[in-house]
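Report on the structure given below.
The values are calculated or read from the model by the stated rules, or taken from the named source; none is laboratory data. Note that the structure is predicted; figures quoted are calculated from it, not measured. Virtual Cβ from ideal backbone geometry, glycine too; neighbours counted across all protein chains shown. Side chains are part of the model used for accessible areas, which takes the heavy atoms of the whole protein and leaves out ligands, DNA and RNA. Shrake-Rupley method; radii C 1.70, N 1.55, O 1.52, S 1.80 Å.
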Amino acid sequence: MITLKSPKEVGLLRESNRIVAEILTSLREHIRPGVTTEELDRLAEELARKKGAIPAFKGYNGYPASLCVSVNEQIVHGIPGPRRLKEGDIVSLDMGVRYNGYYGDAAITVPVGAVSNKAKKLLDVTKGALEKAIEAAVPGNRLSDISYSIQSYVEGEGFSVVREFVGHGIGKKLHEDPQIPNYGPPHRGPFLKVGMVLALEPMVNAGTWEARLLSDGWTAVTADGSLSAHFEDTIAITDEGPLILSRL
Ligand code: MF3
Ligand code: CO
């Protein structure tokens with residue numbers, strides 16, 4: 001069941017998602033060679049708590065940290081630790097909070113220093129895929145129009161879309177209906193309606209779409225070791241089109 005949010009609830013979701021945007025903006029400024037992924041996690045948790053928000057991922061299904069940090073061939077759900085970022089890496093930062101009972105969720109992938117042209121293109125295409133997804137999130141379209149817009153754009157650019165993980169509804173719970181695959185045919189599924197709030201999150205691989213899970217039980221990596229990127233925004237569907245809640 002997809003719950004529709006009132007304008008007041010969209011306002012509350014804007015507040016929690018703005019906090020996530022602020023945290024990601026600060027984290028981005030700390031990305032440099034030598035920083036460890038657990039330093040980023042600690043900073044993310046501190047910033048959330050300073051703003052009166054609760055990190056949403058810590059303890060979720062047993063996830064051990066506040067931030068997901070996924071480097072290079074890691075797709076999503078990388079667990080922070082002593083690893084130091086190095087020049088040429090790309091790193092995905094995925095953050096969620098709860099604030100006044102409503103969740104915020106967003107992710108960015110950023111280059112560490114100078115990166116390869118292939119990595120630059122992967123970041124551009126994945127960000128572009130998220131923009132296409134947002135453009136498709138309008139009343140009158142159907143859910144899979146979002147999925148199709150992502151897949152057709154990404155594959156047209158020569159990259160592949162991860163199948164195992166999906167976008168999702170969000171509200172008083174981190175994960176609500178509907179699930180939003182990042183691939184599929186157009187014109188299927190429920191019609192998009194004003195008041196739906198969705199976390200759209202394309203994950204794009206430079207090589208094969210196939211993924212594997214590391215033995216830590218969380219970190220998803222590309223099956224062929226190719227680079228992967230991830231961007232996520234939480235948006236509300238309104239009469240005036242998509243309203244992005246998770247940007248400054
Ligand atoms: N943004 C991701 C999601 O929406 C992050 C979840 S990490 C978890 O699923 F630890 F909370 F599972
Ligand atoms: Co999400």
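Scan the stretch 29-39 for residues that are touching a strand residue (DSSP E or B) at 6+ places or on another chain (Cβ under 8 Å) and either farther than 26 Å from Asp216 by Cα or surrounded by 22 or more Cβ atoms within 10 Å (Cβ to Cβ) (or both) and the total you get is 1. Put simply, of Gly156, Gly241, Gly207 the only residue that is surrounded by fewer than 18 Cβ atoms within 10 Å (Cβ to Cβ), away from ligand 1 (no atom under 16 Å from the Cβ) and without any contact (Cβ under 8 Å) to a residue 12 or more places away in the chain is Gly156. Select from the stretch 214-238 the residues that are away from ligand 1 (no atom under 16 Å from the Cβ), closer than 28 Å to Gly158 by Cβ and among the hydrophobic types (A, V, I, L, M, F, W, C) and list them in ascending order. Within the stretch 214-238, Ala223, Leu227 meet the criteria.
When Val20, Val10 are screened for being over 14 Å from Arg247 (Cβ atoms), β-branched (Val, Ile, Thr), open to solvent by less than 40 Å² (accessible area, probe 1.4 Å) and part of a helix (DSSP H, G or I), only Val10 passes.
Of everything in the stretch 60-97, what is open to solvent by 10 Å² or more (accessible area, probe 1.4 Å), within 16 Å of ligand 2 (Cβ to nearest atom), farther than 23 Å from Asn205 by Cα and not hydroxyl-bearing (Ser, Thr, Tyr)? Give them in sequence order. Answer for the stretch 60-97, where residues must be open to solvent by 10 Å² or more (accessible area, probe 1.4 Å), within 16 Å of ligand 2 (Cβ to nearest atom), farther than 23 Å from Asn205 by Cα and not hydroxyl-bearing (Ser, Thr, Tyr): just Asn61. Is it true that some residue in the stretch 193-201 is away from ligand 2 (no atom under 16 Å from the Cβ), open to solvent by 10 Å² or more (accessible area, probe 1.4 Å) and not small (Gly, Ala, Ser)? Checking the stretch 193-201: at least one residue is away from ligand 2 (no atom under 16 Å from the Cβ), open to solvent by 10 Å² or more (accessible area, probe 1.4 Å) and not small (Gly, Ala, Ser). Of all residues in the stretch 103-144, those satisfying the criterion of being open to solvent by less than 20 Å² (accessible area, probe 1.4 Å) and hydroxyl-bearing (Ser, Thr, Tyr) are Thr109, Thr126, Ser144. The set of residues in the stretch 156-203 that are in contact with a His (Cβ under 9 Å, 6 or more places away or on another chain) and of a type in the set (S, T, N, Q) contains only Gln179. Residue pairs whose Cβ atoms lie under 9 Å apart, separated by 6 or more positions or on different chains, with the first residue in the stretch 125-140 and under 12 Å from Glu157 (Cα atoms) and the second open to solvent by less than 10 Å² (accessible area, probe 1.4 Å) and in a helix (DSSP H, G or I), are Val125/Val154; Thr126/Val154; Gly128/Val154; Ala129/Ile150; Ala129/Val154.
Of all residues in the stretch 113-134, those satisfying the criterion of being in contact with a Ser or Thr (Cβ under 7 Å, 6 or more places away or on another chain) and not aliphatic (A, V, I, L, M) are Thr126, Lys132.
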